[in-house]
Amino acid sequence: MMHVMGHSEPRREIEIIPDRVKVVEHIWETCACRNCEHNEVSVPVIEGGVASPSAAAHIMIQKYVNATPLYRQEAGFVADGFLLSRQTMANWMIYCS
């Protein structure tokens with residue numbers, strides 16, 4: 001039988017466990033009213049606004065992923081002949097957040 005001689009010393013080490021990936025399957029059922037099927041209208045991203053999901057996503061990606069400030073995006077749109085103010089884009093970001 002062994003015994004402890006003196007005091008014990010802890011040993012620390014860093015262990016990195018890679019991210020785990022799993023597939024989660026969600027099943028969504030689509031239901032429709034026979035009357036409404038013929039009068040289907042898509043719901044806007046911003047109620048009463050003109051922003052499409054792709055437009056809002058593009059501006060967010062440019063701002064938050066590519067670090068392009070709204071004033072530069074505004075200048076890019078103006079250069080392309082389209083006026084979209086930075087205030088409008090800022091309001092979209094606030095609403096979508």
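The values are calculated or read from the model by the stated rules, or taken from the named source; none is laboratory data. In this text the structure is predicted, and so the values were computed from the model without any measurement. So basically every Cβ, Gly included, is an ideal-geometry build from the backbone, and we count neighbours across all protein chains shown.
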Return the residue satisfying two criteria in turn: it lies in the stretch 75-97 and is among the aliphatic types (A, V, I, L, M) and under 22 Å from the mean Cα position of the chain (by Cα), and of such residues it is farthest from I61 (Cα to Cα). L84
Return the residues of the stretch 51-66 that are in contact (Cβ under 8 Å) with a residue 40 or more places away in the chain and part of a helix (DSSP H, G or I); say none if nothing qualifies. A56
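What about G49, is it small (G, A, S), touching a helix residue (DSSP H, G or I) at 6+ places or on another chain (Cβ under 9 Å) and at pLDDT below 95?
In short, yes.
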Determine whether V50 is under 13 Å from the mean Cα position of the chain (by Cα) and loosely packed, with under 14 Cβ neighbours inside 10 Å. no
Could you please give the count of residues in the stretch 77-97 that are surrounded by 13 or more Cβ atoms within 10 Å (Cβ to Cβ) and farther than 20 Å from G49 by Cβ? 0
Restricting the search to the stretch 1-39, which residues are at pLDDT 60 or above, acidic (D, E) and part of a loop (DSSP other than H, G, I, E, B)? E9, E13, E15, E25, E29
